[in-house]
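Heads up, the thing below is written out as structure tokens.
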Amino acid sequence: MWLRGKINTALAICIGAPLALGFGAIWFGAQTTMREAGTHEIATATEAAAAAIEDRAGLNLRHLTAWSKLSVMQDVLIGGEGGELARTLAGFAVQYPDFANLVVTDGQGNIVASSANEARSSIAADEGFRTAASGRVYQSPLAARAGETKETLSFTVPLIARHDGQSVIGTLTGVLNFNAILKAVVTPTTFSADGNALILTKRDGHIVFASRTDATLFDALQSGRAGNTMTWRGDSYFVAGIVMKKKALPQDLGLTAVGVTPAAAILATTASLTSTFLIVASIAVIAAFALAWHWTTPLVDLGNAMDALARGNALYKGPKPKPTDAFAPMARAFEVLRQMKIVRDKLWARERDLSRAKETAEAALKAKSEHIASLSHALSEQLSTIVRLSDLINREALEAATGETRSTYAKEIASTGASLLSVINDLFDLSEVEAGHVTLNETSIDLTKLIAETSADAQPAAFNAQVTLGRDGMDAPLVVRCDAPKLKHAIANLLSNAVKFTPAGGRVTVHLKISGDGNPTIVVEDTGIGMAPALTPVAATLTDTKGHHGAGLGLPLARELVELHGGRLEIESETGKGTAVTITLPAGRLVATPAERLSA
């Protein structure tokens, strides 16, 4: 055992070490890749945000240029209060909220109209007016206007006279609320999520905009940043800086966009990778031990299999080695021995089954003989009665008998003859059904009427036996397709048996219902002597009539007639508590199914 463990350990190390090194390389590569992916993601998002800001500013400049060419702008030549021109500017300001103010001047710099209250009356001294008056577009530096804290950006475009297409007759200035532009751009991006931040700074480090206002964050960007990462409040963040370029604008905005996103998710994934690596490495070592153990255990398994075979267990299979294995001949020899043991066990089991089958056949033959003896006894009794009464009629003593006595003898002869005929008919019908010579003559029949007629026929026997005969579930018609005489015969046999085996004062009830599966069901239930549950499977084949008159053909014939209709006959009984015999017909035989008969 010690040597086996030593070999297993050596093999496990040889197998597990390369696996561990391979998983380690994968883990290190995954860490590096995930960090690079996190850095690339924030850089891409920051670059997209910077481009969106410049595009938004450029779009507003294009709006301003397009408005300068509107015919209403020619009203600067009229002067005065601006009129229609002022209303147009007010409409633009409402429609385009990026503009904080729109101002139109004439060729001398005098303000003709504006969308907001403009304190000055002339901007002739402004650089923007002078540049636009020379026919060029002017872009102001990003700065706060006098008396305000919010950063603004303005564009001034010339108004060209339509009559010659060259003369500058005025200017149109659009003052942009830069903070509003930034918020509109940032809101639908990833920087609006918790933990992320976008910061815009000027070349001198002055912060123009921040999606998260936190002084400690700004300090961390200045002092705690190391390449593409920084530490803030004890957590790690990925950082990306993008210098905004001149894009569809007269000049550069002079801004740098800095994007910040938490690295916790990436680092957590890395930590998860570490845990996964350790788990996988452990599994690899365990698998290596298991593999090594597997390679050294076939001989032990073969020994266990031989020990099991010695104890009589041939189902314990030995190892299946490769043909090149050293112990392969031993394993093959063991397998031959095991197969011989299995064949011997099968032969013994076969012999045992044949012995049981023989016993079963002998028991069936004995039961058949007893049944024939019972049937012969019943026929003998009835024939003896007929012979005895016939003998009395032939004797001269009958001549002295009264007419009433002769009538009684005649009735008894008729009754006994009818009983004998019934037994013979049942025996004949049973033989015909079992031989497959009987066919069904199907018609539509109401089971409630059929049961009522059958119960009426059985009423005299029930009255003589002092047994109450009742019916249940007969409120509405239940029409089925069946051979009415044959089904009635089956029900009559069940009622006859129920009355026969129910003591005086007992009750026999016929129930009619539809099962939960939609099958028409007839149940004949009695409170008679019953039978042991173990005997119910054979009751419909051979009936013990000891202590009761009859040949025991009722249940077998009823079963055959029901099965001829595609149904089944089931018996539930308990000694001393009575018997319930259930006839279940196929649902397809149902012609009408009143809703009130549906039951589970």
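Matching residues to (1) surrounded by fewer than 14 Cβ atoms within 10 Å (Cβ to Cβ); (2) more than 16 Å from Gly528 (Cβ to Cβ):
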residue	(1), (2)
Ser455	no, yes
Ala461	no, no
Asn464	yes, no
Asp475	yes, yes
Val480	no, yes
Ala484	no, yes
Asn493	no, no
Val499	no, no
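Screening Gly227 against (1) on the phi > 0 side of the Ramachandran plot; (2) at pLDDT 75 or above leaves a single unmet condition, (2). Using the structure shown, decide if Ala116 is of a type in the set (A, V, I, L, M, F, W, C) and in contact with a Gly (Cβ under 6 Å, 6 or more places away or on another chain). Spelling it out, it is not the case that Ala116 is of a type in the set (A, V, I, L, M, F, W, C) and in contact with a Gly (Cβ under 6 Å, 6 or more places away or on another chain). Can you confirm whether region 112-128 contains a residue that is outside any loop (DSSP other than H, G, I, E, B), out of contact with any helix residue (DSSP H, G or I) (no Cβ under 8 Å at 6 or more places or on another chain) and aliphatic (A, V, I, L, M)? The answer is no; no qualifying residue exists.
Yes or no, residue by residue, for (1) assigned to a loop (DSSP other than H, G, I, E, B); (2) buried (at least 20 other Cβ atoms within 10 Å of the Cβ):
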residue: Thr105; (1), (2): no, yes
residue: Thr131; (1), (2): no, no
residue: Arg136; (1), (2): yes, no
residue: Pro141; (1), (2): yes, no
residue: Val157; (1), (2): no, yes
residue: Gln166; (1), (2): yes, no
residue: Leu182; (1), (2): no, yes
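The sole residue among Ala504, Ala498, Ala456 that is outside any strand (DSSP E or B) and either under 51 Å from the mean Cα position of the chain (by Cα) or not assigned by TED's automatic domain parsing to the domain that holds Ile583 (or both) is Ala498. Take the conditions (1) closer than 25 Å to Gly58 by Cβ; (2) in contact with a helix residue (DSSP H, G or I) (Cβ under 9 Å, 6 or more places away or on another chain); Gly205 misses just one of them, which is (1). Reported count of residues in region 537-576, each being within 24 Å of Ile514 (Cβ to Cβ), among the β-branched types (Val, Ile, Thr) and at pLDDT below 75, is 0. Here Pro250 clears all of (1) part of a loop (DSSP other than H, G, I, E, B); (2) within 19 Å of Gly205 (Cα to Cα); (3) not charged (D, E, K, R) except the condition numbered (2).
The condition (being out of contact with any Lys or Arg (no Cβ under 7 Å at 6 or more places or on another chain), touching a residue at least 12 places away in the same chain (Cβ under 8 Å) and buried (at least 20 other Cβ atoms within 10 Å of the Cβ)) is satisfied by just one residue among Ala116, Ala93, Ala100: Ala100.
Can Phe209 be described as within 19 Å of Leu176 (Cα to Cα) and in a strand (DSSP E or B)? Spelling it out, Phe209 is indeed within 19 Å of Leu176 (Cα to Cα) and in a strand (DSSP E or B). Restricting attention to region 226-258, the residues that are under 50 Å from the mean Cα position of the chain (by Cα), touching a residue at least 60 places away in the same chain (Cβ under 8 Å) and farther than 18 Å from Ala37 by Cα total 1.
When region 83-103 is filtered for residues that are assigned to a strand (DSSP E or B) and closer than 13 Å to Met73 by Cβ, the ones remaining, listed by number, are Leu102, Val103.
The values are calculated or read from the model by the stated rules, or taken from the named source; none is laboratory data. Every value quoted in this text rests on a predicted model; they were computed, and no experiment measured them. Note: ideal-geometry Cβ built from the backbone for every residue, glycine included; neighbour counts use all protein chains shown.
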